[in-house]
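Q: The structure's right below; bear with me while I get my questions together.
The values are calculated or read from the model by the stated rules, or taken from the named source; none is laboratory data. Just so we're clear, the structure is a prediction, and the values are computed from it rather than from any experiment. Glycine gets a Cβ as well: all are built from the backbone with ideal geometry, and neighbour counts include every protein chain shown. Calculation scope for accessible area: heavy atoms of the full protein, side chains included, ligands and nucleic acids excluded. Shrake-Rupley method; radii C 1.70, N 1.55, O 1.52, S 1.80 Å.
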Amino acid sequence: GQTNLKSPEDIQVYVVNTNFTLRWNYTGNYTNVTFSAEYSWSEDTETNGTEWKGLPGCQNVTCTECDFSSAITEYDDMYHVRIRAERREEVSPWSSTFEMIPYFIAQIGPPGIELQSMNGVIKIKVSPPEENQVRKMWITPLSFKYKLVIWENSSNSEFRSQNIFPTDTIDDLAPDTTYCLKVQATLPFEQQEGLFSPIRCIKTTRKVKDLLCATNLKILALNMEFHLHWTNQYKQHVSYNVQYLMGYLKKLHDDYSVKWLNVHGCENITDTQCNFSSIITTVSGFYYLRVQAISEYNRSCLSNEVKVDPLITNEIGPPGVKLDISNALLHIQISPPGGSESEVMRDHYDLSYRVLYWKNSSNNEEEIKVKEIKQTIGSISDLTPSTLYCVKVQAFSEDYNKSSHFSKAECIKTPGDKILPLIILATFVIALIAVFLVAVPLVFALYKAYSKIKYVFFPSCQPPLNIEGFGGQLLSSPYLLTAEEPIENCSVIETIITEEVNQIVFKDYKHSKQSSRDSGNYSNDDNTSGSKVSEEMLEKETV
């Protein structure tokens, strides 16, 4: 049971597309030594195959590698491979087992390429790996991306890399110059890079300049409104057709040259601009545009193509701003760029807003404050009363690294301080109450004093005549008593003297009576009766 043969070492499996190669090292004596391999296969990647079989293409081989592509049919299952050395009846122990899932260790093979040089450019057509194979490791060839490496065929050339489509045009080349290139297929989502194609070289031609062709194609896009502008170098009459191609068609390996369509409204025009917003029906893809110039003799020329990736090509315009103040807060209402109906601007860019606000005063050193918000409604607190605040807003998208110009500055003045007017009003009310409390008793006291004085010195009624006074003397007040007139007791000595005295007294009485009547104060029937009695008494005395 003993043997002098050594086991093979360093077992490796190399997979390119669906081509499988087993390689190993052998350090023993090669004389008359052959190698045979076995494999086991399991659909369950966590268990080993229970049955070992001879590996087709790797039986009794004399070199240290073999091709066993025909043995592998399932590329997502687990395989185990081992190998041993043999010399006649003598065999070595089996090598260590190599485990593999073919898809995970497979490499992308080189693509095929076809080149054509014309009018100063190189046209290239790339065919995917495994194009002519029945069994395919890569079942979705549309997932391939192609990377081109090109350089001038000289000693001091620089390599230039760029991504290309299966059918593409390489421009910006020097005329009459030999260029060499190679192409690599990749699967970006799986982070796999394939092998480069064999190097191919080709010489460029001189480009014929045609003044009929439109040049300097430029796209201006703002808030999802797209305009194409170009330059006319032709001095005679020329008309234009603007054409577009859906971008996904270039990813196909079919000929897309017949799939260009005219932009509606930009057919047979003489202007050098076109609004092609109508063709942007989705923002997830991209488009290509070109201009076909047609002379009056029906000769045509196609311009270079320009690519339109809507969300990247488009620029964001400034938003709208409205200001309002309530409850000591400055409220900012923002209208998204493109208006409230622009769902693309609102939904796809995930816009944020940068708000700049400051006090608009004569002091140029006033600090400009910045506030970033996600909503279209914001507010600013800590406002100074009776101050003019100005605001301008910028929209920006972090996802697309885009920002708009700032909006036009909008200003609004904050209302005055409400505390000072309240203090003034409260002070006025308190003062008014105090004045009222002091003035009312004072006025009342003055009124009482005035009433007393008026009642005493200026009565509203006069005393009756019997107490009013005699001899024409008036009483100034009913409360002030006058001195009683002395009554002189006289006796009649002579008749003549008595008569004279009586006449004088009677005349004085009449004069006093007349004066009382003229005054009209308190005349009544009782007084008249009293006067008559007095007259009768005087007459008796006279007699």
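Q: For region 215-313, what does the accessible surface come to per residue with a 1.4 Å probe? Please give it in Å².
A: 54 Å²
Q: Using r as the Cβ-Cβ distance of LYS207 and PHE159, and R0 as 30 Å, what FRET efficiency do you calculate, to the nearest 0.05? Let's see the in-between values first.
A: Details: r = 23 Å, r/R0 = 0.77.
The value I calculate is 0.80.
Q: How many angstrom lie between the C-alpha centres of region 350-392 and region 271-342?
A: Each part reduced to its Cα centre gives a spacing of 29 Å.
Q: Averaging the inverse of every distinct alpha carbon separation and then flipping it gives the Kirkwood radius. What is it for region 215-313, in angstrom units? Spell out each step's value before the answer.
A: Numbers: mean 1/r = 0.0712 Å⁻¹.
About 14.0 Å for region 215-313.
Q: Once you place label points 7 Å from the Cα toward the Cβ at TYR234 and ASP254, how far apart are they in nm?
A: It is 3.1 nm.
Q: Let me ask another. Figure the gain on full extension for PHE104 and LYS402 (residue separation times 0.36 nm, minus the Cα-Cα span) and round it to one decimal in nm.
A: Working: separation 298, 0.36 × 298 = 107.28 nm, distance 3.91 nm.
The PHE104-LYS402 span can extend by a further 103.4 nm.
Q: Output the peptides 63-74, 426-437 sorted from most to least packed, where packing is the average of other Cβ atoms within 10 Å over each peptide's residues.
A: 63-74, 426-437
Q: Continuing with this model, one more query. Considering only Cα-Cα distances, which of the following residue pairs are longer than 32 Å: LYS123/LYS402; LYS209/LYS402; LYS145/LYS374; LYS145/LYS207; LYS6/LYS53; LYS218/LYS369? Intermediate values should be presented prior to the final figure.
A: Values: LYS123/LYS402 35 Å; LYS209/LYS402 37 Å; LYS145/LYS374 37 Å; LYS145/LYS207 29 Å; LYS6/LYS53 22 Å; LYS218/LYS369 38 Å.
Distance filter (> 32 Å) returns LYS123/LYS402; LYS209/LYS402; LYS145/LYS374; LYS218/LYS369.
Q: Let me ask you something else. For ASN360 and SER451, compute 0.36 nm times the residue count separating them, minus their Cα-Cα distance, and round to one decimal in nm.
A: Stretched out fully, the ASN360 to SER451 stretch lengthens by 26.1 nm.
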